[in-house]
Amino acid sequence: MTDTTRNKWFSFAPNLLTTFNLLSGVIGLYFAFKHQLNIAFTLMVIGALFDFSDGFVARLLKVSGELGKQLDSLADMVTFGVLPGVIVFSIQYQMIIGEAGNFNNLSFLQWVLLLSPLLIPALSALRLAKFNIDTRQSQSFIGLPTPANALFFASLAYTILYTNNPVSTFAANPIVIAVLTLLFSYLLVAEIPLFSLKFKSLKFKENIVRFSFLFFSALVIALLKIPGIAIVILLYIATSLVENMIVRQKMR
């Protein structure tokens, strides 16, 4: 921490919230290994709320430091890297082992599909490490943020297990899950600019993309509940890609 931060008695507050994020992920891992994915999902959402609030509180109190930055990445690695990997592995395990009967009967392809969720924590770690040393990501992101990736897969897992609709039927396939895992793992480290939800001001004209995204996201989640979160993440990616195209056209 800087000297200014160290002299403020309340400078511990953001790091305390980050620690709660970490603990949410750790407890979530317990339930994910027990295949209680609804509880694991809830704890991930709680962790995401702590992850958002620690940065907000740090900016509000004007406290910052290297310790908080590193602690935040470590907490994110657990809650949004390891935990979603275990959740997706649990889904793959239930579908693949349920079909094969036991590990001894697995084919090479089934082993590949079963282990594909390992890409999530591996690429999440690389994403977080790149973020910590990339000075371009102070106001926007390069690559998909780990919380967005984690919430997409947690919402998808919830949709598969606890809903009955065409989306859950289509997604309840080990090959589909593996393809999505590969695609989103690539997006974690891809050189693709994505907007952030950091507001410099509350002026609508300066934040039209952010306000529009938040409005439609709230509408989708209100209508579709938890399965809508995956759609919101897809909307976030699509909105960023459209914004990138508009910016490139203006620069020509």
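The values are calculated or read from the model by the stated rules, or taken from the named source; none is laboratory data. These figures come from a predicted structure and were not determined experimentally. Backbone-built Cβ (ideal geometry, glycine too); neighbour counts: all protein chains shown. Surface accessibility is based on the protein's heavy atoms, side chains included, excluding ligands, DNA and RNA. Shrake-Rupley method; radii C 1.70, N 1.55, O 1.52, S 1.80 Å.
Below is a table of values for the structure above.
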{"quantity": "Residue within the stretch 70-86 that is modelled with pLDDT of 90 or more, more than 30 Å from residue 129 (Cβ to Cβ) and surrounded by fewer than 20 Cβ atoms within 10 Å (Cβ to Cβ) present", "calculated": "no"}
{"quantity": "Considering residues of the stretch 16-61 that are charged (D, E, K, R) and without any contact (Cβ under 8 Å) to a residue 12 or more places away in the chain only, the residue least open to solvent (accessible area, probe 1.4 Å)", "calculated": "34"}
{"quantity": "Where a residue in the stretch 223-252 is closer than 14 Å to residue 209 by Cβ and its partner, wherever it lies, is modelled with pLDDT under 90 and open to solvent by 80 Å² or more (accessible area, probe 1.4 Å), with Cβ under 8 Å and at least six apart", "calculated": "none"}
{"quantity": "Members of the stretch 87-134 that are open to solvent by less than 40 Å² (accessible area, probe 1.4 Å), in contact with a helix residue (DSSP H, G or I) (Cβ under 7 Å, 6 or more places away or on another chain), without any contact (Cβ under 8 Å) to a residue 60 or more places away in the chain and not small (Gly, Ala, Ser)", "calculated": "106, 121, 128"}
{"quantity": "Residue list for the stretch 157-180, filter: in a helix (DSSP H, G or I), in contact (Cβ under 8 Å) with a residue 12 or more places away in the chain and open to solvent by 10 Å² or more (accessible area, probe 1.4 Å)", "calculated": "158, 160, 161, 162, 167, 174, 175, 178, 180"}
{"quantity": "Within the stretch 54-156, helices (runs of 4 or more DSSP H) holding 1 or more residues that are acidic (Asp, Glu) and within 17 Å of the chain's Cα centre (by Cα)", "calculated": "66-77"}
